[in-house]
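Peer 1: Pasting in a structure now, in structure tokens, and then I'll have a few things to ask.
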Amino acid sequence: GESVGLHLPTLSVQEGDNSIINCAYSNSASDYFIWYKQESGKGPQFIIDIRSNMDKRQGQRVTVLLNKTVKHLSLQIAATQPGDSAVYFCAEKGYSSASKIIFGSGTRLSIRP
Amino acid sequence: EPEVTQTPSHQVTQMGQEVILRCVPISNHLYFYWYRQILGQKVEFLVSFYNNEISEKSEIFDDQFSVERPDGSNFTLKIRSTKLEDSAMYFCASSGEQGGYTFGSGTRLTVV
């Protein structure tokens, strides 16, 4: 069935440290994954995506790693800042433009000063 | 940067009443969606809409729900007879042929 899940509901990180948020998925046929950030009172905001033909993709301060062998996805945020405080969702989407997005349960990232 | 606009930001309604949530998708997008998020839970897909018809819907999207694109700019979600359990954030999203999947800021629906 459809399942994209997260390991931890909350993560607390010291400002300036790196954050790692993990996600597991169950459908081995999944081929496109997205990380979203959701700040309080706002909609999901795209952070970074990765296709199954890749195992790593980097953006500005963010890196997504995909391990298809163990069906695991992670989001790494370098030099975490107060503005990174949010709930982070991993999500799966079909390949076509019209495909729905299947969200995981979310990890709340909080930053300690 | 283009945005998906949703109104109202907060809607309070009595159980059994009809509500219409409104969305203005990004102007050159062709695919439209509604999602909902019950407080503290994950975002759930409700329905997708393309070429003036529903292309996919979830089991949440029962006969109490309907969607419409009444003109060239608006996309609405109607809940015919609201229940307490319909209380949630409702997010509209749109995407184009080349992607650009964008969510609005949501409407918080409170059914009392």
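The values are calculated or read from the model by the stated rules, or taken from the named source; none is laboratory data. Quantities reported herein were computed from a predicted structural model and do not represent experimental measurements. Reconstructed Cβ throughout: ideal geometry from the backbone, glycine too, with neighbour counts over all protein chains shown. The protein model used for the area step is the full one, side chains on, heavy atoms only, and it has no ligands, DNA or RNA in it. Shrake-Rupley method; radii C 1.70, N 1.55, O 1.52, S 1.80 Å.
Peer 1: Return the residue satisfying two criteria in turn: it lies in the range A:12-32 and is surrounded by 18 or more Cβ atoms within 10 Å (Cβ to Cβ) and over 11 Å from A:K71 (Cα atoms), and of such residues it is farthest from the chain's Cα centre (by Cα). Please lay out each step first, then the result.
Peer 2: Just the residues of the range A:12-32 that are surrounded by 18 or more Cβ atoms within 10 Å (Cβ to Cβ), to begin with: A:13, A:19, A:21, A:23, A:25, A:30.
From the residues that got through so far, the ones that are over 11 Å from A:K71 (Cα atoms) too are A:13, A:19, A:21.
Details: A:V13: 16, A:S19: 11, A:I21: 7 Å.
For the range A:12-32, the residue satisfying everything is A:V13.
Listed here are the residues, each with its yes/no results for (1) of a type outside the set (A, V, I, L, M); (2) farther than 19 Å from A:I101 by Cα; (3) more than 9 Å from chain A (Cβ to nearest Cβ); (4) not in a loop (DSSP other than H, G, I, E, B).
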residue: B:I60; (1), (2), (3), (4): no, no, yes, no
residue: B:D71; (1), (2), (3), (4): yes, yes, yes, no
residue: B:T76; (1), (2), (3), (4): yes, yes, yes, yes
residue: B:T82; (1), (2), (3), (4): yes, yes, yes, no
residue: B:C92; (1), (2), (3), (4): yes, no, no, yes
residue: B:Y101; (1), (2), (3), (4): yes, no, no, yes
residue: B:T110; (1), (2), (3), (4): yes, yes, yes, yes
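Peer 1: For the range A:98-113, enumerate the residues that are open to solvent by 30 Å² or more (accessible area, probe 1.4 Å), assigned to a strand (DSSP E or B) and within 11 Å of chain B (Cβ to nearest Cβ).
Peer 2: If the condition is that a residue be open to solvent by 30 Å² or more (accessible area, probe 1.4 Å), assigned to a strand (DSSP E or B) and within 11 Å of chain B (Cβ to nearest Cβ), then A:I102, A:R108 are the ones that fit.
Peer 1: Another question about this same structure. Looking at A:K71 and the list (1) within 12 Å of chain B (Cβ to nearest Cβ); (2) surrounded by fewer than 21 Cβ atoms within 10 Å (Cβ to Cβ), which single condition is not satisfied?
Peer 2: (1)
Peer 1: Further question on the same structure: Kindly provide the set of residues from the range B:77-95 that are surrounded by 16 or more Cβ atoms within 10 Å (Cβ to Cβ) and of a type outside the set (A, V, I, L, M), ordered by number.
Peer 2: Pass one, the range B:77-95, residues surrounded by 16 or more Cβ atoms within 10 Å (Cβ to Cβ): B:77, B:79, B:82, B:86-95.
Within the range B:77-95, B:T82, B:D86, B:S87, B:Y90, B:F91, B:C92, B:S94, B:S95 meet the criteria.
Peer 1: Which of (1) more than 13 Å from every other protein chain (Cβ to nearest Cβ); (2) buried (at least 17 other Cβ atoms within 10 Å of the Cβ); (3) of a type outside the set (S, T, N, Q) does B:W34 not meet, given it meets every other one?
Peer 2: (1)
Peer 1: Which condition number in (1) open to solvent by 30 Å² or more (accessible area, probe 1.4 Å); (2) within 14 Å of chain A (Cβ to nearest Cβ); (3) assigned to a loop (DSSP other than H, G, I, E, B) is the one that B:S55 fails?
Peer 2: (3)
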